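Notes follow once the structure below has been shown.
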Amino acid sequence: MVFYFLERVAMTNGVLKSGLDPACIRLELNSSGRDEAIRELVGLIHAKHRLRNVDDIVSVVMERERKMSTSLENGIAVPHGKSASIDKLLVAVGLKQKGIDFKSADGQPSKIIILILSSATQSGPHMRCLAEVGRLLQSEANRKKILAAKDAETVFRIMTDPGI
């Protein structure tokens, strides 16, 4: 019983859970392009957390995207950025069943887009969240469960407790 508990604790994505809220999950993005999708996800975070400087935050993420695509293989993109106007880690998730072109190395459109925003002065939570997202989404089963989810709460549970 103790081993099961420890295993479950180890599998919980604590940093991701602290930055993600079901209100910042959209099951089907309205956007059809990369830049629009980033703006839409920043908008979700702004609606929940009232960001101080939305335009600056969008610019930071877009600049990072211009330097190098944040698209991973297997239909995943993780646009991210750090800004002085953000105090804590904030995450938004957008799904797009047809996918959005994020210039992936494997040529596949991104169907799961996870925006990570964090403070410019704290790199630890940002890096841990990127690692948690990477671990979570390397599993094809997790990707399929996320894309099949019928509500934001389900996506939230899959992403924050992938052992379910």
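Values computed for the structure shown
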item	result
Karplus (6.51, -1.76, 1.60) ³J(HN,Hα), θ = phi - 60°, over segment 85-93, in Hz, Gly and Pro reported as x	8, 10, 8, 9, 5, 9, 10, 10, 10
Residues ARG52 and LEU147, FRET efficiency given R0 of 45 Å [Cβ-Cβ distance, rounded to 0.05]	0.85
Residue-averaged [θ]222 nm for the chain, counting only DSSP H segments that reach four residues, each worth -39500 (n - 2.57)	-14500 deg cm²/dmol
Residue among ALA23, ILE114, THR160 farthest towards the positive dipole end of segment 15-160, charges placed on Cβ	THR160
Distance cut-off 28 Å, percentage of C-alpha pairs in the chain lying past it	15
Computed lengthening from LYS103 to ALA84, 0.36 nm per intervening residue step minus Cα-Cα distance	4.1 nm
Out-of-range pairs (alpha-carbon distance over 27 Å; input LYS48/LYS150; LYS82/LYS145; LYS67/LYS98; LYS17/LYS111; LYS17/LYS145; LYS48/LYS103)	LYS82/LYS145; LYS48/LYS103
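Each reported figure results from applying straightforward, stated rules to the coordinates on display, with no laboratory input. Please read all numbers here as calculations on a predicted model, not as lab measurements. A quick note on method: Cβ atoms are made from the backbone with ideal geometry, for glycine too, and the neighbour counts reach across all protein chains shown.
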